[in-house]
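I have placed the structure first, in the form of structure tokens, so that the comments after it can refer back to it.
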Protein chains: 2
Amino acid sequence: MRQINQPAYHHGNLRRVIIDAALQAIIESGPAGWSLRELARRAGVSHAAPAYHFGDKQGLLTAVAAEGFAMFADTLERAAADVWEVGVAYVRFAIDHRPYSEVMFRPELYRADDPSITSARERAANVLVTSAGTLSPSPEHDRLTTIAAWSLAHGFAGLWLSGALPESADGDPEALARSMIRLVFGAMR
Amino acid sequence: MRQINQPAYHHGNLRRVIIDAALQAIIESGPAGWSLRELARRAGVSHAAPAYHFGDKQGLLTAVAAEGFAMFADTLERAAADVWEVGVAYVRFAIDHRPYSEVMFRPELYRADDPSITSARERAANVLVTSAGTLSPSPEHDRLTTIAAWSLAHGFAGLWLSGALPESADGDPEALARSMIRLVFGAMR
DNA sequence: TCGCTATCTTGTCAATGTCAAGATAGGGTG
DNA sequence: CACCCTATCTTGACATTGACAAGATAGCGA
């Protein structure tokens, strides 16, 4: 419901409100269990208002993914000082920002070639490559080590988020991920 | 279009035909980009016919996931003789049976507590636990090694399927996965 | 004050999932 | 062979949705 005395035809901040409503709906119903009309109702605007800002449903999810990838790249860049913590930061981001990561992990939901998405993904990939290089046993194993580090972090985050790991009921994901990374890459150096 | 002389009210094998149509549609449009009515049209029956066999859309995806998990458990059990090949078999299954794995990796699409799903998942988990135990450096690291093996295989498969790895354009996923597993677990023994 | 553009609202249409009522086909029994 | 019951459909209806178009309004700049 709009505020009293607020003009009906100019929300002022509708784009942000719709994105926040989408994040809330994704928490409640997953990345595909809600509708644009439902978000419009929550925002107190007409069913077609979000289309002005996003074009269509995929456009909205592209905006959500772009925000997510930008925050994700920032997170990995901040963690890059300690190569042992990059994988942990990957897992922490995926879990702490679940609605973002649920969308980010589903490229069919958004326009993956959106420039803000590709540039943020490249920033994140650079951190992964650089930190994995540090953990690699030798230069010819750099690429394989990068793939292993990425697979480990991505796989762990996905299993935790889907509830496949029994530990996700009451465990500490960061501590578990950190121990796993120590076990795997500690043996390689 | 139904065969000539085939009774209109008794397809005879509609359940199988709808599941096959769903797998084909998932290949074409992903796990959420098709409709029950579209599958009914492809099968040449009315829009409500699939509901008799599956109840609703989620029921159909539950049947798809159940088939997938049963085949997956069979695949891992066959690979169990060589613990180094279990992770490779995981990746091979996910890629060779892409429509199944795209659904299986999305528990919000189906009823995960369906008994045929939980029993098949338990069979698969048993193989993972047993083979990872063999690769573990010591008994107190068994659980962590299992989680690492599962994360590695699951993460690699997911990255490959989503096209996130550049290697997925023209690489050999099994060979790449096998090399990665050798690198990671070879150092732990 | 006016004009232009951003930002909405209203309305429409095709498609969908689901549900209910009814039609038909097959199989078993007397 | 006929009848009855159940499995397996078909037909119809309804609410909701995404997308699109036309139009209304609010803000800003000249």
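The values are calculated or read from the model by the stated rules, or taken from the named source; none is laboratory data. Bear in mind that the values here come from a model prediction, so they are computed numbers and not experimental data. No Cβ is skipped: glycine too gets one built from the backbone with ideal geometry, and neighbour counts run over all protein chains shown. Accessible surface is based on the protein model in full, side chains and every heavy atom, while ligands, DNA and RNA are left aside. Shrake-Rupley method; radii C 1.70, N 1.55, O 1.52, S 1.80 Å.
In the condition set (1) away from DNA strand D (no atom under 12 Å from the Cβ); (2) surrounded by fewer than 15 Cβ atoms within 10 Å (Cβ to Cβ); (3) away from every other protein chain (no Cβ under 14 Å), A:Asp113 is compliant with all but (3). Between residues in the stretch A:10-26 that are within 14 Å of chain B (Cβ to nearest Cβ) and modelled with pLDDT of 95 or more and residues that are away from DNA strand D (no atom under 13 Å from the Cβ) and part of a helix (DSSP H, G or I), which pairs lie under 6 Å by C-beta distance while being six or more apart or on different chains? Short answer, once both residue conditions are applied: A:Ile26/A:Pro99; A:Ile26/A:Glu102.
May I ask you to list the residues in the stretch A:158-189 that are assigned to a loop (DSSP other than H, G, I, E, B) and either more than 8 Å from chain B (Cβ to nearest Cβ) or among the small types (Gly, Ala, Ser) (or both)? A:Ser162, A:Gly163, A:Ala164, A:Asp170, A:Gly171, A:Asp172, A:Ala187, A:Arg189, listed by residue number.
Of the residues in the stretch B:134-157, none is at the interface with chain A (Cβ under 10 Å from one of its Cβ atoms), more than 21 Å from A:Gly87 (Cβ to Cβ) and hydrophobic (A, V, I, L, M, F, W, C).
Here B:Val86, B:Val103, B:Val91, B:Val129 are screened, and the one residue that is closer than 20 Å to A:Met180 by Cβ, within 14 Å of another protein chain (Cβ to nearest Cβ), open to solvent by less than 10 Å² (accessible area, probe 1.4 Å) and hydrophobic (A, V, I, L, M, F, W, C) is B:Val91.
For the stretch A:33-51, residues that are within 14 Å of chain B (Cβ to nearest Cβ) and within 12 Å of DNA strand C (Cβ to nearest atom) total 2.
Looking at A:Phe54, is it within 18 Å of the chain's Cα centre (by Cα) and away from chain B (no Cβ under 12 Å)? Answer is no for this residue.
Report yes if some residue within the stretch A:47-68 is among the β-branched types (Val, Ile, Thr) and in the same structural domain as A:Glu102 (by TED's automatic domain parsing); otherwise report no. For the stretch A:47-68, residues among the β-branched types (Val, Ile, Thr) and in the same structural domain as A:Glu102 (by TED's automatic domain parsing): present.
Taking the numbered list (1) within 12 Å of DNA strand D (Cβ to nearest atom); (2) within 15 Å of the chain's Cα centre (by Cα) in turn, A:Leu36 passes all entries but (2).
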